[in-house]
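Asks: Let me begin by handing over the structure; questions about it come next.
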Amino acid sequence: MKQALFLFAIIAVILNSCSQYVAPVGGKKDTLAPVLIKSIPLNKQKNFKDKTVELFFNEYIRVENPNQKILITPEPEGPFKARIRPTSLRLVFEKPFKDSTTYTFNFTDAVKDITENNPALNLKLVFSTGDTIDSLRVGGKVTDIQTGQPVQNTLVGLYLPSDTLTPTKIKPYFFTRTDTAGVFLLENVKDGRYRIFAFDDKNLNLILNPGPEKAAFRTDELDLKANNDTLNFQLFSFYNTPPRSVRTQQMVSTYTYVFDRGIENYTVRFENPADSLPSYFRTPTELTFFNSRATTDTVRVQIAVTDSLENKAELTQKFKFRTPTRRETAEPVTFRATPADNGDIDRKMEVVLEFSKPMKQMLVDSVRLLTDSTNQVALSPQDYRWENNQTRFILTKTTTARNTIILRLGRGAFISALNDSTARAELNYTIRDPEKYGVLTGKVNTTAKQFIVELLDENFKLVDKQLNNLNYRFVTIKPGRYRLRVIVDENGNGRWDSGNVTENRQPEPIYFFTRNKGIIPIKANFEVSADIDVF
């Protein structure tokens, strides 16, 4: 009997020492979030001098990415270590908190229950190392300037003004992040003067990285003496560095420089004029040279590029094409037509052919325009033009066609700079029926002298635009859902210009039609009116 009792005791000790908490299996689903029952220090406590903060909950918890999700303002001088216990979270800081300072701990959704991952929302802790608790708040909303839509998880920071202040090098003194509606709120802020910046802190380092991260800012300082919940920011893209080539692609017939951003325009100068080669940007970031002389010699060239924000760079480069091998097959010359085949077109027609290579010759006799299947229309040099280094062919012609238009391209109608040519092709169009399309008209209520009215599809892709037209009118719109925006063209260059944070220059303002959630439905054979206010 004694031996049995002894064995039972040993087994009990072993089972107890090996036990650990696991989520219960079965039963009613847990839908309740952890509840804070105690904290050290207490919320709104004053004269707190310790270096350890601890929170106690009413159930078992887990903590997710504490160093990223727990937002502490102002930022402590040293890092902290998170120690997670079954029902508590302890934060141990390396350095003491600053004297006479109010700290706000925002735990976002870092703390969750261990069974169903229910987050403890609105979990905050405020305390002061001095005799007072700062009580002012700063709030507002962040949207994207190009879409007008709210931007989640954007960092909004208050900075102490100084001659060297730049968010590309300095972390904010107070900061928070926007919620799903783009709304932000900073509480328990000390009165004083601040600069305010917002940016989508993708790498969570609290430093603005121009290019990858969009930004917005208030031009002047905020003199905070009372609560301010009405601040609005519109994020915009900007670069403060010159464009640069990040890699190259060497082929037998092409050599491509890939840039770190889209390029607006460029010039090329060859060190030896005899080395001149055709080139163009196949995409906004890819400048391609074409081996029209079938050379394998080294080519030296100077390239000057300008991005859309007027950042410029001059590059002195040398390159050579790859030596031909039997395994490498040249890419055929292709084109993309607008309108596409089997589309419709106006009698005042415009057909655009965008080629994959620069063209050097067009055989006019191999390009035939037919109306109503049989009537051939003669083409003259005044009916077409070339753009973008002979890669964009634009045919414009007014016809008397009743029903159809055919653009017929014979084999070899276009010959490229590499001496290959286009295949036989035919583009068939029907004459456009206005009753199958809708019309959008309206008034732009503005005092601006120069502006751009843009018709966008539902996904913010540009469909059409008009310049400086107070009473705009878009016709032949395909049935669907659209948006409307107006750009205040302050410098009159016919396009939107971004801003620059480091130069304290705001982007050109953009306004959206906002009624009906910004959506304008267009129906066939209907005219819709939509006015837009621009202040």
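Bear in mind these aren't lab numbers, they're just calculated from the coordinates by the rules spelled out. Being a predicted model, the structure only gives us computed values, none of them experimental. Please note: Cβ atoms are built from the backbone with ideal geometry, for glycine as well, and neighbour counts cover all protein chains shown.
Asks: Pick out, in residue order, every one of the trypsin sites (Lys or Arg not before Pro) in region 248-351 that is DSSP loop and has at most 15 other C-beta atoms within 10 Å; say none if there are none. Don't jump to the answer; show the numbers that get you there.
Replies: On the way: sites: Arg261, Arg269, Arg282, Arg293, Arg300, Lys312, Lys318, Lys320, Arg322, Arg326, Arg327, Arg336, Arg347, Lys348; in loops: Arg261, Arg293, Lys320, Arg322, Arg326, Arg327, Arg347.
Qualifying residues, ordered by number: Arg293, Lys320, Arg322, Arg326, Arg327, Arg347.
Asks: Among the listed pairs Lys112/Lys202; Lys312/Lys478; Lys98/Lys169; Lys202/Lys443; Lys436/Lys517, which are separated by more than 28 Å between their Cα atoms?
Replies: On the way: Lys112/Lys202 24 Å; Lys312/Lys478 39 Å; Lys98/Lys169 22 Å; Lys202/Lys443 39 Å; Lys436/Lys517 26 Å.
Where the Cα-Cα span goes over 28 Å, the pairs concerned are Lys312/Lys478; Lys202/Lys443.
Asks: Counting only other residues whose beta carbon sits under 11 Å from that of Val352, what net charge do I get with K and R as +1, D and E as -1? Walk me through the numbers on the way to the answer.
Replies: Values: positive: Arg336, Arg385, Arg392; negative: Glu350, Glu354, Glu387.
Result for the local shell: 0.
Asks: Want the number for Thr338 to Arg247: 0.36 nm per residue separation, take away the alpha-carbon distance, what's left?
Replies: Length difference between fully extended and current span is 29.6 nm.
Asks: For a protection proxy built on the mean count of beta-carbon atoms within 10 angstrom, sort 180-191, 57-68 highest first, please. Walk me through the numbers before you get to the answer.
Replies: Details: 180-191: 17.2, 57-68: 15.4.
Packing order, densest peptide first, comes out as 180-191, 57-68.
Asks: Give me the net charge for the shell around Phe93: Cβ to Cβ below 14 angstrom, other residues only, Lys and Arg +1, Asp and Glu -1.
Replies: Values: positive: Lys49, Lys51, Lys81, Arg83, Arg90, Lys95, Lys98; negative: Asp50, Glu54, Glu75, Glu77, Glu94.
My count for the surroundings of Phe93 gives +2.
Asks: Could you tell me whether region 278-420 comes out rounded, prolate or oblate from its Cα gyration tensor? Rule is a ≥ b ≥ c as square roots of the eigenvalues, rounded for a/c under 1.5, then prolate if a/b exceeds b/c, otherwise oblate. List each step's numbers first, then the result.
Replies: Numbers: a/c = 2.88, a/b = 1.81, b/c = 1.59.
Judged from the Cα gyration tensor, region 278-420 comes out prolate (a/c at least 1.5, a/b above b/c).
Asks: Let's test the formula: R0 of 30 Å, r as the Cβ-Cβ distance of Thr514 and Leu222. What FRET efficiency results, to the nearest 0.05?
Replies: Working: r = 26 Å, r/R0 = 0.87.
Computed FRET efficiency for Thr514 and Leu222 comes out at 0.70.
Asks: Okay, next question. Relative to the longest principal axis of the chain, what angle (0 to 90°, nearest 10) does the C-alpha long axis of helix 2-18 take?
Replies: 40
Asks: Mind listing the long-range amide H neighbours of Thr104? Cut-off is under 5 Å, sequence gap 5 or more, other chains count too, H placed in the peptide plane at 1.01 Å from N.
Replies: So Thr104 has HN proximity to Thr73.
Asks: Give me the one-decimal nm value for the distance between modelled label points at Arg282 and Ala423, 7 Å along each residue's Cα-to-Cβ direction.
Replies: 1.9
Asks: Dipole size in debye (nearest 20) for the chain around its Cα centre, Lys and Arg Cβ +1, Asp and Glu Cβ -1?
Replies: Working: 72 positive and 62 negative charges, 223 e Å.
Here the size comes out at about 1060 debye.
Asks: Efficiency by 1/(1 + (r/R0)^6): what FRET value for Thr180 and Ala524, r their Cβ-Cβ distance, R0 = 35 Å, to the nearest 0.05?
Replies: Working: r = 36 Å, r/R0 = 1.04.
Given R0 = 35 Å and the Cβ-Cβ separation, E is 0.45.
Asks: Hey, another quick one. Return the aspartates and glutamates within reach of Lys318: Cα separation strictly under 15 angstrom, same-chain partners fewer than 8 residues apart disregarded; answer none if there are no such residues.
Replies: Straight-line reach from Lys318, under 15 Å: Glu271, Asp275, Asp297.
Asks: How far apart, in nm, are two points set 7 Å out from the Cα along the Cα-to-Cβ line at Thr398 and at Thr31?
Replies: 7.0
Asks: Expressed as a whole number of Å, what is the distance separating the alpha-carbon centroids of region 509-523 and region 334-378?
Replies: So the two Cα centres are separated by 35 Å.
Asks: Here is a further query. If each residue of separation counts as 0.36 nm, what is the full-extension length gain between Val364 and Asn122 once their alpha-carbon separation is subtracted? Display every interim value, and only then the final one.
Replies: Working: separation 242, 0.36 × 242 = 87.12 nm, distance 7.16 nm.
Value of the extension gain: 80.0 nm.
Asks: For the pair Arg269/Asn203, report the inter-label distance in nm, with labels modelled 7 Å from Cα in the Cβ direction.
Replies: Going by the 7 Å Cα→Cβ label model, 3.6 nm.
Asks: Tell me, what HN-Hα J-couplings in whole Hz come from the Karplus equation 6.51 cos²θ - 1.76 cosθ + 1.60 at θ = phi - 60° for each residue of region 104-111, using x for Gly and Pro?
Replies: Ordered by residue, 3J(HN,Hα) equals 10, 9, 10, 8, 6, 10, 5, 9 Hz.
Asks: Right, next: Explain nothing, just compute: Karplus ³J(HN,Hα) = 6.51 cos²θ - 1.76 cosθ + 1.60, θ = phi - 60°, for every residue of region 88-93 in order, whole Hz, x for Gly and Pro.
Replies: So the J values, rounded to whole Hz, are 8, 10, 10, 10, 10, 9.
Asks: While we're looking at this one, here's another question. Straight distance only, please: which aspartates and glutamates reach the Cα of Lys397 with their own Cα at less than 16 Å, same-chain residues fewer than 8 apart left out?
Replies: List returned: Asp344, Asp346, Glu350, Asp372, Asp383.
Asks: Shifting gears a bit: Near Ser135, within a Cβ-to-Cβ distance under 15 Å, what is the net charge of the other residues, with Lys and Arg +1 and Asp and Glu -1?
Replies: Numbers: positive: Lys44, Lys46, Lys124, Arg137, Lys190, Lys225; negative: Asp131, Asp134, Glu187, Asp191, Asp229.
Here the charged neighbours net out to +1.
Asks: Let a ≥ b ≥ c be the square roots of the eigenvalues of the Cα gyration tensor of the chain; is it rounded (a/c under 1.5), or, if not, prolate (a/b larger than b/c) or oblate? Write down the numbers at each step before the final one.
Replies: Working: a/c = 2.13, a/b = 1.91, b/c = 1.12.
Prolate.
Asks: Also, quick follow-up: Could you work out how far the C-alpha centroid of region 61-117 sits from that of region 406-440, in angstrom?
Replies: 63
Asks: What is the gain in length, in nm to one decimal, between Ser356 and Gln302 on full extension, counting 0.36 nm per residue of separation less the C-alpha to C-alpha distance?
Replies: 17.1 nm
Asks: Under 13 Å from a point placed 7 Å out from the Cα of Thr446 along the Cα-to-Cβ direction: which residues of region 499-535 have their backbone N that close?
Replies: Residues 508-513, 532-535 qualify, since their backbone N sits under 13 Å from the label point.
Asks: Hey, another quick one. Which one, Asn500, Thr446, Leu456, projects farthest toward the positive side of the charge dipole computed for region 436-533 from Cβ point charges (K/R +1, D/E -1)?
Replies: The one lying farthest along the dipole's positive direction is Leu456.
Asks: Show which aspartates and glutamates lie in cross-link reach of Lys49 when reach means a straight Cα distance below 18 angstrom and same-chain residues fewer than eight apart are skipped.
Replies: Counting by Cα, and skipping residues close in sequence, Lys49 has these aspartates and glutamates nearby: Glu75, Glu77, Glu94, Asp99, Asp131, Asp134.
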